[in-house]
1. Please find, among Arg138, Arg151, Arg145, the residue that is charged (D, E, K, R), without any contact (Cβ under 8 Å) to a residue 40 or more places away in the chain and within 18 Å of Ala32 (Cα to Cα).
2. What's the total number of residues in the stretch 79-131 that are part of a strand (DSSP E or B) and either in contact (Cβ under 8 Å) with a residue 40 or more places away in the chain or within 16 Å of Lys68 (Cβ to Cβ) (or both)?
3. With the checklist (1) surrounded by fewer than 16 Cβ atoms within 10 Å (Cβ to Cβ); (2) without any contact (Cβ under 8 Å) to a residue 60 or more places away in the chain; (3) touching a strand residue (DSSP E or B) at 6+ places or on another chain (Cβ under 6 Å); (4) not basic (Lys, Arg) in hand, flag the one item Cys237 doesn't pass.
4. For the stretch 108-127, give me the residue count where each residue is modelled with pLDDT under 95 and surrounded by 22 or more Cβ atoms within 10 Å (Cβ to Cβ).
5. Scanning the stretch 281-297 for residues that are on the phi < 0 side of the Ramachandran plot and out of contact with any strand residue (DSSP E or B) (no Cβ under 6 Å at 6 or more places or on another chain), which turns out surrounded by the fewest Cβ atoms within 10 Å (Cβ to Cβ)?
6. Being among the polar types (S, T, N, Q) and under 24 Å from Pro205 (Cα atoms) is the filter here; which residues of the stretch 265-312 pass it?
7. Among the residues of the stretch 251-267, write down those that are touching a strand residue (DSSP E or B) at 6+ places or on another chain (Cβ under 7 Å), surrounded by 16 or more Cβ atoms within 10 Å (Cβ to Cβ) and not hydrophobic (A, V, I, L, M, F, W, C).
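The values are calculated or read from the model by the stated rules, or taken from the named source; none is laboratory data. Every value quoted in this text rests on a predicted model; they were computed, and no experiment measured them. With ideal geometry, Cβ positions are generated from the backbone for all residues, glycine too; neighbour counts draw on all protein chains shown.
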Amino acid sequence: MVSLPIPKSLTADKVKATTREEMLKQRLSLSACTGCNRRAWYDFLLFGQGRDMRPDHSRSGDIAIALKGVVVRWLAAAGMTVETINAATGEMLAASGFDGHLYSPIDGIVTGVPEAPTKRHLLIVAALKAADFAKLERQGVENVRPEVVARAQLGMHLLGVERTLFAFCNRDTGDFGAERIRYDAAHAGSQAVRAEWIVDTRRAPARISESPEFFVCAHMCSRADICHGGVLPPRHCRTCLHVTPINDGQWYCDRHEKELSFDDQLNGCPNHLFIPDLVPGEQVDADTSGETVTYELGNGKTWIDGAERRAA
């Protein structure tokens with residue numbers, strides 16, 4: 001008898017095709033402060049607004065989040081104490097700093113780690129594919145995942161702890177591995193300086209590569225169209241030259257002389273003018289009374305930011 005083909009699942013197709021809007025982050029995270037400086041700056045300026053995540057990326061993230069809870073239970077079952085909630089506030093434990101412009105929930109704080117039972121450890125959890133898990137066990141986190149080390153150093157610096165427990169699992173087999181990371185004052189300090197600079201700068205940082213074909217740019221960055229493709233970012237307060245970050249994680253508009261709520265920042269206003277480094281061209285003129293800025297674009301055309309408002 002000839003076997004009939006297995007019917008195509010419309011349910012599976014619908015789930016696979018479903019996109020989800022990228023979650024807006026009001027402040028920098030520890031993860032955002034690793035890797036490409038330009039990407040971190042874009043993240044700080046809310047360039048995720050209104051973008052859809054790739055469906056496979058969205059589902060992979062959900063799996064990783066679910067497995068973090070499993071790993072925490074494994075550690076607790078092995079006799080370690082894992083704190084995930086701030087007892088005073090009832091909120092998730094988090095690292096914060098840089099005038100409140102970095103706020104990053106953490107996986108937890110661990111005590112009772114066999115190698116150093118009395119030391120408090122920042123917990124970082126990762127769920128990995130089998131090949132990545134094996135490579136990490138062979139070569140170590142510093143060689144395979146340097147971005148994890150950078151994240152750990154900044155996290156320890158902000159939290160005042162001297163050790164990180166990087167706990168990772170093979171999501172295909174359930175195998176488990178762990179590596180401790182020691183606080184390195186020089187490395188942590190450089191990460192702190194970098195994060196502070198990302199918050200303070202109004203100039204675009206250097207890209208990780210000038211080639212749009214570079215693997216990270218071409219395959220791992222959702223900002224490549226803006227960074228390499230000459231696309232203008234969204235118009236809202238954080239991309240406006242009138243607005244600057246101030247204390248306590250707040251933002252201030254010099255044009256309207258007021259602090260801005262998060263909703264204000266997303267909505268923007270008719271007086272918006274782009275931060276010059278966000279425009280794919282060279283600034284050649286500025287009219288302060290008319291509130292316009294003129295650019296010579298890469299294609300040779302002249303573009304006046306604010307001209308549409310004046311015409312209206």
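1. Selected residue: Arg145, the only one of Arg138, Arg151, Arg145 that is charged (D, E, K, R), without any contact (Cβ under 8 Å) to a residue 40 or more places away in the chain and within 18 Å of Ala32 (Cα to Cα).
2. 25
3. Cys237 satisfies all of (1) surrounded by fewer than 16 Cβ atoms within 10 Å (Cβ to Cβ); (2) without any contact (Cβ under 8 Å) to a residue 60 or more places away in the chain; (3) touching a strand residue (DSSP E or B) at 6+ places or on another chain (Cβ under 6 Å); (4) not basic (Lys, Arg) except (1).
4. Final tally of qualifying residues: 0.
5. Filtering first and then ranking leaves Ser289.
6. Gln265, Gln283, Thr294, Asn299, listed by residue number.
7. Tyr252, Gln265
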